[in-house]
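S.K.: Here it is, the structure, as structure tokens.
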Amino acid sequence: MKIGELSRQAGVPVETIRYYEKIGLMAKPERAENGYRYYRQEHLDRLLFIRRCRNLDMAQDEIRELIRLAEEPTADCSDVNALLARHLSHVRARLDELKSLEQTLVNLQNACSDPRTIRECGILGGLSDELATIPAPPVPDNHVPGTHGSGHHD
């Protein structure tokens, strides 16, 4: 199939397919004499796998590692389990951050429950006051080196 058909079947933009080829997540397809790329079922299967992983918010390095592990079907799956455990830990940490963010936003919204002028706005005042007290953001604990922003890792 041509790239447009692969794109349609996988629900992934053509540009994304080309990007995945460029970074090595997908094998480059064969090219016909006319220069068209022709994809096989294996390309569609890989693209759907990548899409499922991205839907789980997995980073490219995590996906690359899962693909590498999948290519060793007789190996012990403990490495896959460990990768998923690290990813789950990262997701839980992000959930904690989002809960804190939610509470901050609720507090700000509560600061402006009565009609006021912009000058008296509790939300804008709270945001200005909070800027002076916000500590530097902590360095996130990456669960896979080089993914989800800069930071240290296990």
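S.K.: I'd like the carbon and sulfur percentage of the solvent accessible area for the range 3-57, probe radius 1.4 Å, heavy atoms only, ligands and nucleic acids excluded.
M.R.: 49
S.K.: With θ taken as phi - 60° and the coefficients 6.51, -1.76 and 1.60, list the Karplus ³J(HN,Hα) couplings across the range 44-50 in order, rounded to whole Hz; mark glycine and proline as x.
M.R.: Per-residue couplings from phi come out as 5, 4, 5, 4, 5, 4, 4 Hz.
S.K.: Follow-up question, since we're still on this one. What distance in nm separates the simple spin-label points at Ala32 and Val106, each placed 7 Å from Cα in the Cβ direction?
M.R.: 6.0
S.K.: Here's another thing I want to ask about it. When the distances between all Cα atoms of the range 77-131 are binned every 10 Å from zero, what whole-number percent does each bin get?
M.R.: Reading upward from the zero bin: 22, 29, 18, 15, 11, 4, 0.
S.K.: Enumerate the amide H contacts of Met26 below 5 Å, restricted to partners 5 or more residues apart or on another chain; note that Pro and chain-start residues carry no placed amide H.
M.R.: Glu21
S.K.: Still on this structure, please answer the following. With the cut-off at 17 Å, report for the range 3-57 the share of all Cα pairs above it, as a whole percent.
M.R.: Working: 426 of 1485 pairs.
Within the range 3-57, distances greater than 17 Å cover 29 percent of Cα pairs.
S.K.: Given a Förster distance of 35 Å, report the FRET efficiency between Ile118 and Asn55 from their Cβ-Cβ distance, rounded to the nearest 0.05. Spell out each step's value before the answer.
M.R.: Details: r = 41 Å, r/R0 = 1.17.
Given R0 = 35 Å and the Cβ-Cβ separation, E is 0.30.
S.K.: Please report, in whole Å, how far the alpha carbons of the range 42-98 spread along each principal axis, starting with the longest.
M.R.: Principal-axis extents of the Cα atoms in the range 42-98, largest first: 38, 26, 13 Å.
S.K.: Considering only DSSP states other than H, G, I, E and B, which trypsin sites (Lys or Arg not before Pro) in the range 1-107 qualify as loop sites with at most 14 other Cβ atoms within 10 Å?
M.R.: Numbers: sites: Lys2, Arg8, Arg18, Lys22, Arg31, Arg37, Arg40, Arg46, Arg51, Arg52, Arg54, Arg64, Arg68, Arg86, Arg92, Arg94, Lys99; in loops: Lys2, Arg40.
Sparse-neighbourhood loop trypsin sites (Lys or Arg not before Pro): Lys2, Arg40.
S.K.: Same structure, new question: First measure r as the distance between the Cβ atoms of Glu72 and Leu48, then evaluate 1/(1 + (r/R0)^6) with R0 = 25 Å and state the FRET efficiency to the nearest 0.05.
M.R.: Computed FRET efficiency for Glu72 and Leu48 comes out at 0.75.
S.K.: Two decimals is fine: what is log10 I(q)/I(0) at q = 0.14, 0.19, 0.21, 0.22 Å⁻¹ for the range 1-134, from a Debye sum with one equal scatterer on every Cα and no solvent?
M.R.: Here the Debye-derived log intensity ratios amount to -0.77, -1.06, -1.20, -1.26.
S.K.: If you don't mind, another one. With all protein chains present and a 1.4 Å probe, how do Ser7, Ser78 order by accessible area, largest first?
M.R.: Accessible-area ranking of Ser7, Ser78, largest first: Ser78, Ser7.
S.K.: So what is the accessible area of the range 1-141 per residue, in Å², with the probe set to 1.4 Å?
M.R.: I get 72 Å² per residue for this part.
The values are calculated or read from the model by the stated rules, or taken from the named source; none is laboratory data. Predicted model, so just to flag it, every value in this text is computed and none were measured. As a convention, Cβ positions derive from the backbone with ideal geometry for all residues, glycine included, and neighbour counts pool all protein chains shown. Just so you know, the surface numbers come from the protein's heavy atoms only, side chains and all, with ligands and any DNA or RNA stripped out. Shrake-Rupley method; radii C 1.70, N 1.55, O 1.52, S 1.80 Å.
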